[in-house]
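Reading through the structure tokens given below for one structure.
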Amino acid sequence: MNSQFIVHLAILLMVIIASLRIFLSSRIELDGLSFFAPGALLCAASAVFVWGLSLSLCILLILSSVLFICNLRPLLQFIHHISHRSFSAKFCFVSFILLISAIAFLVLIIYLYPQDPPAQIKGVSERTIALTGTLNGGISERKMFSQPITGKLAHFISKNTTEQQPVLLSIPDIRSGIVGMHPLYTELAKRGYEVIAAELYTQDGSYFSGIADRMTLRRFTAQCQTLFANNRYILNNDFYIIRSQSAYQALLNLYADKLTGRKIFLIGESYSQEAVSVLTEKDNRIAGYFCINGIDSNGNIFELPNYQQGYACISQSDPLFAAVLNGTLHRSPLLPSALLADQIQQSVTVRLQQQ
């Protein structure tokens, strides 16, 4: 059970407990349960800053915001030690709707629980690093608090990893992000590969205008475009390719000195397929590449059953959104992370044998 899922459960439980107050109106001393209202909203808002906005967090934000607004007056009454005799009919109605909604959503997310356990369970060490800089000027690890955060990097390694094993570099699709690719990265690290993935939010590497390109909103914005304006990815394909190529180049330059003598492979997906192909031909430091549900540097084509282009392991990391994409609540018994890791391992092995 991963930490994001635990936070979702905690928020829903706080909403349920605070909503149950309508059945405890005669117990004035229990009115302190109204403090669960700001607690739920604070947790939901904090989760957005940690993992970015998602469909499930959007629903939790709505539930916790309505709960907080409805409980603001009772909360102030409790703080100032003002007793109340009963709740209004309007308050009871809204609380009852919140209670039913929270219970229904709790049942839904438990049924569609993420199949992505923490990296430690798989024997993988995961380290997250804040980045600063630009694509043109170069990115680096953020050392000072005054430096702006323009990206984040996730480094996956296990006890099975050796310097003889290749290093896999990845810039995930903006629709999935590191969160969506997390099951694959940990699975690859468990098999002995060192995996380095990055999301970059530099000014010269923006995908959207305004706040939509912020770290907390870009993934959700891209997912909404997939649902409601999928043709934008077709119209702007060249734009995405250029952005992807610049991001891979910046990540490669960041670790160029540290990876001297190591075999480097790029993992691409969707519109980054052409980018990783071009970079592999131009840069002799790159031993090969693999594109999810696409082609690899050996010319082989790999296909993943029931794959949603640009979302990699979304059915594991965010089953609720995967259900929206597929239009069904059916859970697939197949784990994309294991299937993809098999394909990548096969591709890398063949490539190394050819060199």
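At-a-glance table
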{"item": "Residue match in segment 299-309 (condition: closer than 29 Å to residue 130 by Cβ and not basic (Lys, Arg))", "result": "no"}
{"item": "Considering residues of segment 262-308 that are without any contact (Cβ under 8 Å) to a residue 24 or more places away in the chain and assigned to a loop (DSSP other than H, G, I, E, B) only, the residue farthest from residue 166 (Cα to Cα)", "result": "308"}
{"item": "Residue satisfying all of: in segment 58-81; among the polar types (S, T, N, Q) and open to solvent by 20 Å² or more (accessible area, probe 1.4 Å); farthest from residue 178 (Cα to Cα) among these", "result": "77"}
{"item": "Filter result (open to solvent by 10 Å² or more (accessible area, probe 1.4 Å) and farther than 21 Å from residue 216 by Cβ) within segment 176-192", "result": "187, 190, 191"}
{"item": "Some residue of segment 182-194 being out of contact with any strand residue (DSSP E or B) (no Cβ under 6 Å at 6 or more places or on another chain) and either at pLDDT below 90 or among the acidic types (Asp, Glu) (or both)", "result": "yes"}
{"item": "Residue match in segment 319-332 (condition: surrounded by 20 or more Cβ atoms within 10 Å (Cβ to Cβ) and either more than 24 Å from residue 7 (Cα to Cα) or touching a Gly at 6+ places or on another chain (Cβ under 6 Å) (or both))", "result": "no"}
{"item": "Residue list for segment 138-165, restricted to those being touching a helix residue (DSSP H, G or I) at 6+ places or on another chain (Cβ under 8 Å), part of a loop (DSSP other than H, G, I, E, B) and either among the small types (Gly, Ala, Ser) or modelled with pLDDT of 90 or more (or both)", "result": "150"}
{"item": "Residue 246 being under 26 Å from residue 219 (Cβ atoms), part of a helix (DSSP H, G or I), touching a residue at least 40 places away in the same chain (Cβ under 8 Å) and of a type outside the set (Phe, Trp, Tyr)", "result": "yes"}
{"item": "Any chance residue 260 is hydroxyl-bearing (Ser, Thr, Tyr), under 21 Å from residue 192 (Cβ atoms) and surrounded by fewer than 20 Cβ atoms within 10 Å (Cβ to Cβ)", "result": "yes"}
{"item": "Out of 121, 109, 103, 129, sole residue that is open to solvent by 70 Å² or more (accessible area, probe 1.4 Å), modelled with pLDDT of 90 or more, not in a loop (DSSP other than H, G, I, E, B) and not aromatic (Phe, Trp, Tyr)", "result": "103"}
{"item": "Which listed residue is touching an Asp or Glu at 6+ places or on another chain (Cβ under 8 Å), modelled with pLDDT of 90 or more and open to solvent by 40 Å² or more (accessible area, probe 1.4 Å), from 55, 13", "result": "55"}
{"item": "Residue satisfying all of: in segment 138-149; of a type in the set (Gly, Ala, Ser) and under 15 Å from residue 255 (Cα atoms); surrounded by the fewest Cβ atoms within 10 Å (Cβ to Cβ) among these", "result": "138"}
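Matching residues to (1) surrounded by 13 or more Cβ atoms within 10 Å (Cβ to Cβ); (2) closer than 26 Å to residue 150 by Cβ; (3) touching a Pro at 6+ places or on another chain (Cβ under 6 Å):
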{"position": "240", "(1), (2), (3)": "yes, yes, no"}
{"position": "267", "(1), (2), (3)": "yes, yes, no"}
{"position": "293", "(1), (2), (3)": "yes, no, no"}
{"position": "301", "(1), (2), (3)": "no, no, no"}
{"position": "308", "(1), (2), (3)": "yes, no, no"}
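The values are calculated or read from the model by the stated rules, or taken from the named source; none is laboratory data. This is a predicted model, so every value here is computed, not measured. Neighbour counts are summed over all protein chains in view; Cβ atoms, including those assigned to glycine, are modelled from backbone coordinates with ideal geometry. Side chains are part of the model used for accessible areas, which takes the heavy atoms of the whole protein and leaves out ligands, DNA and RNA. Shrake-Rupley method; radii C 1.70, N 1.55, O 1.52, S 1.80 Å.
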